[in-house]
Amino acid sequence: MKLDVLLGLQWGDEGKGKIVDVIAPRYDVVARFQGGPNAGHSLEFNNIRHVLHMIPSGIFHPEKINIIGNGVVIDPIIFSKEINELDKLGVQYLDTIIISKKAHLILPTHRILDAASEAAKGDTKIGSTLKGIGPAYMDKTGRNGLRVGDILDPGFNEIYRYLIKKHQQILSQYSFNYNLSEFEQGWMEGIERMRKFKIADTEHLVNGYLAANKTVLAEGAQGTMLDIDFGSYPFVTSSNTITAGACIGLGVPPNNVGNVIGIFKAYCTRVGGGPFPTELMDETGEKMRKTGNEYGSTTGRPRRCGWLDLVALRYAIMLNGVTEMTITKADVLSGFDTLNVCTAYKINGKETQEFPYSLDQSSLIPVYKTLKGWNQDLSNIEKYSDLPDELKNYIRFIEQETGVKVTMVSIGPDRKEILQKN
C-alpha cells in the first residue's frame, strides 16, 4: 500500500484540516509529518468550529489511528489544551493517538527566545507566530534538542535543566524581560499528561501499516510557499512543508508515496510579513477578508488577501508531484463581477511563468487574465453540476493552466459543504 499525502499549495490556511476530516473515512491512519502549534487546522461540523494545532485532523473519527510524527515539534502546554477541548466533546483519544519518540519538544525558553529574537529584528521581523517553532527546530538541527522519548528517561529533569541553562545564556544577549516560571509549571504538567499516551517508534508503525495494506494519509501543515528551502525565504516556516517532508517526517521511503492531494484557496492569503505578488490593498482585498473571515486560526491576525497566483501554484504542483487538487472557499468569490488570475510575472520587463529566486516586488509585476465572476449564493448547492457556469469555467481554466484535475470543491466551512467533481 502507498502513503497518500495531503498538503497546502499556497502560504498556508488553505483549509487542509477540513479536507482531512472529510476524506478521513477512506483511511485507517492519519499522520502529521511536520510543523507544530504554529499550525491551526480548522474543522466545522454540527455548528461547532474546532481548531487543531498538533493533533491530526482524523481525531473526530473514533476508529482512526492518529500519529504525531517525528517531524512535528510539540509544545506540551498547547498539546494539553487541545486534549482538554477533546474532553469537552467526549472524544476518546488514548487508544487512537500515538506520539513519535523522535518528535522534538518545544521548551518554555524556546518561546521566549522566539519572542526575543523577533523583537530584536524590529522592522525586519518575519511575522513569527511566537510559538517557539524556529528555536525548537534550531536546537534539532544543532543536535541540542529534547525529544519526546527523553521524557521516559529517569534523568529527564537533569537533561531539561541543562538545555534551559543554555537558552538562558543566549537570552542574556538580548535586552528582553521574561518570566520563565510563567510557562514552566504548565509545561511540566503537560509533560506528565503526555506520558499517559502511547509513545512509540512511529516510523516502524507507519511502514508496518503500509506493509499490512492499511491506508495511511500524511497530513501537512502550513503551505508549500512557506517551505524552508523552496518558499519565499526568509519569510518561511522552519520545516519542509512539501511532499518530501512527509518522507522525512514519518520515516517513509519516497517509493512508498502514492497520491498527492494539493489544497488551494480560490484566491490567495498570507499571514505575517513577506512578499505577496497578488496582494490587494484596496476594497476588493478587504471584501475578501471580511467575506472569508480571513483571520489566523492560530494567531488571530488578519490575513492579507489577493488574487489567485498560478505562477506560485504551478511551482507548488511541480515541487510536490500533485496528482489531484481541492479548491476551497469558492463561495468567498461570489459577488465579484470579474476575477483576476495571475498567469505570469513580469520581472524587469521580461515575462516569465517560472517562480523566481527572489520576489522583489519593486521589480515584479503580476500579469493577469480576467475571467467573469458570479453572483449566485452557493450555500444550498449539493451537486457540482449545479454550480454557476462562471465558477465551473474558473475551475476549468485552473485545470488547463496547471495540468492537474480538481476533484473536490469546498463552498462553505462545514464538512457537509464539499462537492465531489467527476
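The values are calculated or read from the model by the stated rules, or taken from the named source; none is laboratory data. Every value quoted in this text rests on a predicted model; they were computed, and no experiment measured them. Here the Cβ is made from the backbone with ideal geometry for all residues, glycine too, and neighbour counts use every protein chain on show.
Matching residues to (1) in contact with a helix residue (DSSP H, G or I) (Cβ under 7 Å, 6 or more places away or on another chain); (2) under 30 Å from GLY373 (Cβ atoms):
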| residue | (1), (2) |
| --- | --- |
| GLU219 | yes, no |
| MET225 | yes, yes |
| ILE228 | no, no |
| PHE235 | no, no |
| GLY245 | no, no |
| GLY251 | yes, no |
| ASN259 | no, no |
| GLY272 | no, yes |
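Restricting region 123-152 to residues that are more than 21 Å from PRO302 (Cβ to Cβ) and of a type in the set (Gly, Ala, Ser), which is modelled with the highest pLDDT? Step by step, filter region 123-152, then rank; the result is GLY149.
Just one of the listed residues (ILE248, ILE228) is assigned to a loop (DSSP other than H, G, I, E, B), modelled with pLDDT of 95 or more and under 23 Å from HIS41 (Cα atoms), namely ILE228. The lone criterion from (1) acidic (Asp, Glu); (2) under 27 Å from LEU113 (Cβ atoms); (3) surrounded by 13 or more Cβ atoms within 10 Å (Cβ to Cβ) left unmet by GLU192 is number (3). Identify, please: which residue in region 106-165 is touching a strand residue (DSSP E or B) at 6+ places or on another chain (Cβ under 6 Å) and of a type in the set (Gly, Ala, Ser) and is, among those, nearest to SER239 (Cα to Cα)? So, considering only residues that are touching a strand residue (DSSP E or B) at 6+ places or on another chain (Cβ under 6 Å) and of a type in the set (Gly, Ala, Ser), the one nearest to SER239 (Cα to Cα) is ALA136. Only strands (runs of 3 or more DSSP E) whose full extent lies in region 307-392 are considered here, and the ones with at least 1 residues that are surrounded by fewer than 21 Cβ atoms within 10 Å (Cβ to Cβ), modelled with pLDDT of 95 or more and of a type outside the set (Asp, Glu) are 338-347, 350-352, 364-372.
Helices (runs of 4 or more DSSP H) fully within region 52-158 that include at least 2 residues being without any contact (Cβ under 8 Å) to a residue 24 or more places away in the chain: 76-88, 108-121. Determine, yes or no, whether THR278 is farther than 15 Å from GLY8 by Cβ, exposed (fewer than 14 other Cβ atoms within 10 Å of the Cβ), modelled with pLDDT of 95 or more and of a type in the set (Ser, Thr, Tyr). Judged against the criteria, THR278 is not a match. Listed by first and then second residue, the pairs with beta-carbon distance under 9 Å, at least 6 apart or on different chains, first residue in region 326-346 and in contact (Cβ under 8 Å) with a residue 24 or more places away in the chain, second assigned to a strand (DSSP E or B) and of a type in the set (Gly, Ala, Ser), are THR326/GLY262; THR326/SER410; ILE327/SER410; THR328/SER410; LYS329/SER410; ALA330/SER410; ASP331/SER410; CYS342/GLY306. Checking each residue in region 292-306 for being assigned to a strand (DSSP E or B) and within 16 Å of the chain's Cα centre (by Cα) picks out only TYR295.
Close Cβ contacts (under 7 Å, 6 or more residues apart or on different chains) running from residues in region 378-391 that are aliphatic (A, V, I, L, M) to residues that are part of a helix (DSSP H, G or I) and buried (at least 17 other Cβ atoms within 10 Å of the Cβ) comprise LEU378/ALA330; LEU378/ASP331; LEU391/ALA330. For region 82-93, state whether one or more residues are buried (at least 19 other Cβ atoms within 10 Å of the Cβ), at pLDDT 90 or above and more than 20 Å from the chain's Cα centre (by Cα). There is no residue in region 82-93 that is buried (at least 19 other Cβ atoms within 10 Å of the Cβ), at pLDDT 90 or above and more than 20 Å from the chain's Cα centre (by Cα). Among the residues of this structure, PHE264 counts as one that is within 21 Å of LEU339 (Cβ to Cβ), under 16 Å from the mean Cα position of the chain (by Cα) and in contact (Cβ under 8 Å) with a residue 24 or more places away in the chain. Cβ-Cβ distances below 7 Å connect the following pairs, each with a first residue in region 21-32 that is touching a residue at least 40 places away in the same chain (Cβ under 8 Å) and over 12 Å from ILE65 (Cα atoms), a second residue that is surrounded by fewer than 23 Cβ atoms within 10 Å (Cβ to Cβ) and among the β-branched types (Val, Ile, Thr), and a separation of six or more residues or different chains: VAL22/ILE418; ARG26/THR215.
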